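Working notes, beginning with the structure itself.
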Amino acid sequence: MFKKGPSKLMMARSFGENAVIDETIYECELLRYEKRSECIYLLLKEDVLTEISQDALYRCRLEENDTLCEVIGRIRERYCSEEGNILEFKIENGVYLVNGEQNIK
C-alpha cells in the first residue's frame, strides 16, 4: 500500500497533565507497512528518539502511489536497531489525501 520513501512526523495532540504540543517536524524514512496490524515502521533520521512521546497523537505524511497522504495515530514502540532509530506507528484513523501540496521529496 505505502512505498518506501521519505515521510514527515508531526505531533497533533498531547495527552496528560501539563501537556505541550511539540511543533517539530521530524524527518523519517518509511521502512515498511504491515497491513494486518495497520502499523508503519519509520526510520527516524535524527538522534532524538527520546523526544518522540508515546503519550501523543501524531500525523504522518507519506506517499502512496505518488499521492501525498496523511495518517493519524500513535507511537506504539520506539527503539534502536542496526537500521537506526525505529518508530512503530499504529494507524488509528485511516488514510487521508493531502490536497494542494507537492510530494515530500
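Scanning the chain for GluC sites (Glu not before Pro) that sit in a DSSP loop and have at most 13 other Cβ atoms within 10 Å, the longest stretch containing none of them is 47-81.
Of all lysines in the structure, the ones whose alpha carbon falls short of 21 Å from that of K35, not counting any fewer than 8 places away in one chain, are K3, K4, K8, K90. Loop-located trypsin sites (Lys or Arg not before Pro) in region 1-92 (DSSP state not H, G, I, E or B) with no more than 16 neighbouring Cβ atoms inside 10 Å: K3, K4, K35, R36, K45. Projecting the Cα atoms of N85, Y96, C60 onto the dipole axis of the chain, where Lys and Arg carry +1 and Asp and Glu carry -1 at the beta carbon, places Y96 farthest toward the positive end. Available extension along the chain between M10 and D47 is 11.7 nm, counting 0.36 nm per residue and deducting the alpha carbon span.
Of the chymotrypsin sites (Phe, Trp or Tyr not before Pro) found in region 11-45, those that fall in a DSSP loop while having at most 13 other beta-carbon atoms within 10 Å are F15. For D55 and E27, what does the FRET efficiency come to when R0 = 22 Å and r is the distance between their Cβ atoms, rounded to the nearest 0.05? Approximately 0.50, to the nearest 0.05.
Here the chain is assigned +1 on the Cβ of each Lys and Arg and -1 on the Cβ of each Asp and Glu. Its dipole about the Cα centre then comes out at about 360 debye.
At a temperature of 37 °C and a viscosity of 0.692 mPa s, determine how fast the chain diffuses translationally according to Stokes-Einstein, using the Kirkwood radius over alpha-carbon pairs as Rh; express D in µm²/s, rounded to the nearest whole number.
For these conditions, the coefficient is 238 µm²/s.
FYI, it's all coordinate maths here, none of it is from the lab. Since the structure is predicted, the reported quantities are computational estimates derived from the model, not experimental observations. Positions of Cβ are generated from backbone atoms using ideal geometry, with glycine treated the same way; all protein chains shown enter the neighbour counts.
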